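Quick note: the coordinates plus some simple rules give every number you see, no bench work behind them. The structure displayed is predicted, hence computed values, not measured ones. Cβ coordinates were reconstructed from backbone atoms using ideal geometry, including for glycine residues, and neighbour counts include every protein chain displayed.
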Amino acid sequence: MRAAARSAGLVATTLGLTVWLLSIDPFARVNAVLDAAFAAAPAWTQVSSLVRDPRTQEVSHGEHPAQGLRALAAYWRERPTALKAVLLGNSQMFAMSLAPGEARSREDERTYPDIVAAHFAPRGVLCYRLAAPGLSYSEALWYVDFLLTHPGLRPDVLLVQVNYQAFWNGGVRSSFAELLEDAAFRRQVETRAQSDASYAEDFRGALAEFDRGRGAAAAGNAAAPAAFGRRIEDATRLRLDRLDVFRRRAAEKDSFDEMLYRGRLYLLGIKPSTARSISGPRLIRNQEALDALANACEAAGVKLVVFKAPVNPRVSLYASDADRIRFERYMATLPSSRHLKIVDFEHAVPADLWGRQYNSPDPLHMGRRAHGLVAAHVIVALSESLVSGQ
Amino acid sequence: MAFNSYSYLIGLAAVVALFWALPARVRRAYVLVLSVAFYASWDWRYTVLPFAICLAAFLFARMIATRPEQGRRALTSGIAVVLAALAAFKYRAFLVDNAAAALAVFGRHPAIPAVALALPLGISFYSFEAISFLIDTRQRRVTTVSFTDLAIFVSFWPHLMAGPIVRVRELVPQLGFDRPFDERMLTRGLDRLILGLAQKNLLANNLAGFVDETFLPRAAALNTTVDNWFAAIAFGLQIYFDFAAYSNMAIGAAQLVGITLPENFNAPYHARTPPDFWARWHMTLSRWIRDYVFFPINARFRGAPGPLYASLLGTMALVGLWHGAGWGFVVWGVMHGVFLVLYRLWEAASQDRLARWRSSAVVVAAWRLFTLAAVTAAWIPFRAATLGQAATMMRTLAVPHGFRPTYPVNFYLVTILAACVAALEPFLAQVLSRIESRTPTVVHWFVLRPALYAVGLLLFLIFDDRDTQFIYFQF
């Protein structure tokens with residue numbers, strides 16, 4: 001009896017401690033201590049209160065794109081005569097890292113796509129920001145395929161942001177897979193997945209993951225559609241998800257990942273601003289995906305503007321001149337072979353308009369004035385594309 | 001229901017509590033029903049298969065025991081029946097494809113009807129257990145085993161799907177389930193269960209994404225030498241943490257109902273020599289192959305070098321084939337066979353000519369390094385999609401193909417981090433056990449152990465990914 005009581009005590013204590021750890025997020029506390037110890041930029045310089053407007057932005061940043069794109073289709077359908085433009089890129093489009101001298105604002109901040117959208121709205125041009133953090137060009141192609149398989153979502157102009165470091169991103173994130181519920185898009189993805197292109201592996205992987213998630217191929221080849229274990233697990237998860245403490249797992253995982261990331265930054269000195277040499281399979285996949293994106297736009301009669309994104313002049317992301325030359329050569333091949341416009345904003349933003357990320361210069365995210373500056377450049381480029389045939 | 005699913009873990013708590021509340025006499029039936037339900041939760045259509053194999057093994061074993069003069073024939077027939085079932089479900093497509101390819105060489109293209117059969121989970125494991133039962137019966141190591149004993153032995157849920165591969169003589173004596181509850185059963189069980197949960201979700205699953213990408217067929221030719229070494233190391237760590245996690249969870253679950261299953265891993269990447277690796281990796285398969293295949297063959301040849309080396313290669317090819325119906329697995333097995341032969345050759349040479357080098361620190365270190373590198377390199381054919389891809393990747397391991405890492409730095413860092421965990425695992429266990437021995441029981445029981453469990457559970461929960469299966473389920 002005593003053994004049973006002690007055992008019950010051990011189990012109860014364990015469960016209690018687990019719930020407590022889930023509720024306090026210990027990793028976030030470690031992160032705060034690390035930031036203080038390594039003199040990271042104050043948290044408020046990473047602006048969190050930004051303008052949200054589902055008519056001009058995919059507000060989930062790639063977490064639930066289907067909902068945002070459905071809303072966009074409905075909104076655009078009501079304005080059939082308006083010209084439409086989509087700005088496609090990574091977190092530079094929806095994040096703001098305040099520069100020295102920029103005070104925090106009580107109002108929601110606008111990033112450059114917001115400023116561009118506000119500029120063009122009275123002129124009968126609808127702009128939409130379609131951005132996700134660390135977007136790979138396979139993902140960009142994924143998005144573009146979705147837009148082009150739906151007549152209601154087809155833009156007149158597509159602006160694609162190109163960063164050197166983005167060629168190191170890979171794969172198609174699992175949250176994008178929800179778009180596969182759409183039959184026409186799924187067929188397009190299947191066609192891409194069966195092609196010989198390097199990015200086909202990303203598309204195949206996303207399709208497989210989506211199908212696995214739906215239970216069609218769970219447990220390798222052995223599970224049957226009739227597997228009742230899966231149904232029990234579904235029901236269990238549904239019930240657990242109703243618990244507030246259980247839903248905190250995702251945030252706590254982010255904190256844990258952030259903790260490891262800080263370890264990388266502070267202890268190993270490997271930062272987002274560290275120069276890198278990009279080559280190998282990911283580079284090839286991204287280049288082929290960007291080529292395919294250009295081809296798809298050309299075939300669909302969508303004007304394409306590719307712009308080299310601004311980079312903080314305080315950092316050089318190229319590990320060597322050879323890397324810079326290789327990247328510039330690749331970019332130079334794009335306009336010669338495609339009917340597209342290429343714009344270079346790489347050096348458009350001076351050093352003092354950039355913020356800091358953790359304890360080093362932020363290579364990607366700009367301050368308030370920088371967003372205004374980039375918006376002005378984009379407005380010019382977009383105006384030219386809207387009125388000319390490139 | 002996977003061991004790392006919420007429904008299983010919640011169910012396990014209830015099942016274990018009820019197990020100990022039940023009178024000992026009904027526990028056997030209770031465990032049998034639970035095991036059937038567990039297997040059926042994956043795919044009820046194949047629930048009958050383990051019991052059919054079990055029944056066949058039981059009938060042939062009775063024949064062996066009651067008619068010793070026909071024992072040899074009964075043994076052969078029994079093994080043939082089990083292997084036929086295994087071949088039909090697991091190797092059918094492989095055999096048909098290779099037969100068709102062989103016939104095509106002679107210009108024959110017979111129309112072979114395609115038969116699609118899903119692979120029943122755990123078939124490789126329970127088939128080998130049935131065969132060991134037959135051989136043990138023939139060798140009189142096992143005597144009176146009832147069909148119920150055998151059914152519980154085969155279907156006992158912790159080891160049914162992916163081992164450890166247990167023998168009748170080590171499990172059946174425990175299947176009375178009449179041991180009184182002891183709180184150490186709980187702590188031993190939870191130690192292993194929670195360790196396994198954290199290994200699977202934190203380590204194996206996080207390595208999986210990187211491994212999948214570096215082993216993409218198109219990447220093979222573009223990966224540099226450094227990339228491919230890291231790909232092989234990452235997969236070696238992934239499969240280790242994945243399978244060790246499963247084994248820990250199986251051993252832990254069994255321990256919770258008072259059953260001790262054999263160990264399956266013992267820090268395999270600490271192996272000093274190729275044979276030492278096999279004494280530490282998937283130990284229950286190694287001993288099965290050693291006792292039921294390798295020893296009987298070599299007993300016939302009295303250890304003569306030629307047959308010994310040939311049998312090492314053949315046995316390891318069989319180990320490879322056991323893992324899956326594909327030439328990549330066979331190549332993996334043969335590579336290990338070659339490593340074992342090389343070590344035997346060295347042992348033979350170091351008996352006389354090279355005796356003074358036998359215990360030299362340099363040689364010991366060289367064997368340790370060779371074992372680690374060779375075992376790592378051999379994972380490439382095991383994981384690659386095709387032999388062509390494996391050959392491309394293997395070539396760049398030896399022939400420089402650029403040394404620049406081309407994947408994001410996190411791939412290399414996570415691999416190094418996981419390698420550090422694998423390297424430090426045995427020492428961590430020692431440290432924890434030392435702390436435990438020096439801590440007052442109350443502190444240890446209500447503070448230290450729950451704190452460690454809670455951290456393990458937290459890591460399991462936050463890295464939960466319901467769609468990631470155990471690698472060894474496909475074997």
| note | For B:L216, the residues 5 or more places away or on another chain with a placed amide H closer than 5 Å to its own amide H are none
| said: Residues of segment B:78-114 with the amide nitrogen closer than 20 Å to a label point 7 Å from the Cα of B:R45, along Cα-to-Cβ, please. | reply: B:85-94, B:113-114
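Determine the gain in length on full extension of the stretch A:A5-A:V387; use 0.36 nm per residue of separation and subtract their C-alpha separation, reporting nm with one decimal.
Values: separation 382, 0.36 × 382 = 137.52 nm, distance 7.97 nm.
Difference between extended and current length: 129.5 nm.
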| note | Out of A:A36, A:A12, A:A177, a Gaussian network model of chain A with alpha-carbon springs under 10 Å gives the largest mean-square fluctuation to A:A12
| task | Mark the label point 7 Å from the Cα of A:D352 along Cα→Cβ and return the residues of segment A:366-386 whose backbone N is within less than 19 Å of it. | result | A:366-374
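Helix hunt in chain A: which complete DSSP H runs extend at least 27 Å axially by C-alpha with mean Kyte-Doolittle at least 0.5? Mind showing how you got there, number by number?
Values: long enough: A:2-24 (33 Å, 1.15); A:280-300 (30 Å, -0.13); A:368-387 (29 Å, 0.95).
Going by DSSP H runs, the hits are A:2-24, A:368-387.
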| Of the beta bridges DSSP finds with both residues in chain A, what % are antiparallel, to the nearest 5? | 15 percent
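By count of other Cβ within 10 Å, fewest leading, how are A:E178, A:E209 ordered? Present the calculation step by step, with values, prior to reporting the outcome.
Numbers: A:E178 15, A:E209 18.
Neighbour counts put them in this order, fewest first: A:E178, A:E209.
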| For A:R187 and A:I325, what does the FRET efficiency come to when R0 = 41 Å and r is the distance between their Cβ atoms, rounded to the nearest 0.05? | 0.55
| Assigned charges on the beta-carbon of Lys, Arg, Asp, Glu; segment B:291-380 dipole about Cα centre (debye) | 240 debye
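Would you mind classifying chain B by shape? Square roots of the alpha carbon gyration tensor eigenvalues, ordered a ≥ b ≥ c; an a/c under 1.5 is rounded, otherwise it is prolate if a/b is larger than b/c and oblate if not.
Working: a/c = 1.40, a/b = 1.08, b/c = 1.30.
Judged from the Cα gyration tensor, chain B comes out rounded (a/c under 1.5).
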| Calculated FRET efficiency, B:V421 and B:T386, Cβ-Cβ r, R0 35 Å, to nearest 0.05? | 0.65
| query | Projected onto the charge dipole of segment B:6-178 (+1 at Lys/Arg Cβ, -1 at Asp/Glu Cβ, origin at the Cα centre), which of B:A74, B:S127, B:G176 gives the Cα projection farthest towards the positive end? | reply | B:A74
| query | Hey, got the dipole for the protein assembly as shown? About the Cα centre, +1 on K and R Cβ, -1 on D and E Cβ, debye to the nearest 20? | reply | 2220 debye
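Of B:C420, B:C54, A:C297, how do they rank once you tally other Cβ atoms within 10 Å and put the fewest first? The partial results should precede the final answer.
Numbers: B:C420 10, B:C54 22, A:C297 25.
With the fewest neighbours first, B:C420, B:C54, A:C297 line up as B:C420, B:C54, A:C297.
For segment B:6-178, what does the alpha-carbon gyration tensor say about shape, rounded, prolate or oblate, given a ≥ b ≥ c as the root eigenvalues, a/c under 1.5 as rounded, and a/b over b/c as prolate? Please report the intermediate quantities before stating the final value.
Values: a/c = 3.22, a/b = 1.43, b/c = 2.26.
Verdict is oblate for segment B:6-178.
Please label the shape of the protein assembly as shown as rounded, prolate or oblate, based on the square roots a ≥ b ≥ c of the eigenvalues of the alpha-carbon gyration tensor (a/c under 1.5 means rounded; beyond that, a/b larger than b/c means prolate, else oblate). All intermediate terms of the calculation are to be shown ahead of the outcome.
Numbers: a/c = 1.90, a/b = 1.69, b/c = 1.13.
Cα axes put the protein assembly as shown in the prolate bin.
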| field | Farthest positive-ward along segment B:185-410 dipole, Cα basis, beta-carbon charges - from B:S360, B:A231, B:V338 | value | B:S360
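Which whole DSSP H helices in chain B pass both tests: a Cα extent of 24 Å or more along the axis and a mean Kyte-Doolittle value no lower than 0.5? Before the final figure, lay out each step's value.
Details: long enough: B:24-40 (25 Å, 1.03); B:48-66 (27 Å, 2.08); B:225-256 (46 Å, 0.81); B:305-323 (27 Å, 0.92); B:327-351 (36 Å, 0.91); B:361-383 (34 Å, 1.45); B:409-438 (41 Å, 1.12).
Helix filter hits for chain B: B:24-40, B:48-66, B:225-256, B:305-323, B:327-351, B:361-383, B:409-438.
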| note | Dividing the mean separation of Cα pairs under 8 Å (6+ apart) by the residue count of chain A yields a relative contact order in percent of 24 percent
| field | Calculated FRET value between B:Q430 and B:R300, using beta carbons and R₀ = 41 Å, to 0.05 | value | 0.45
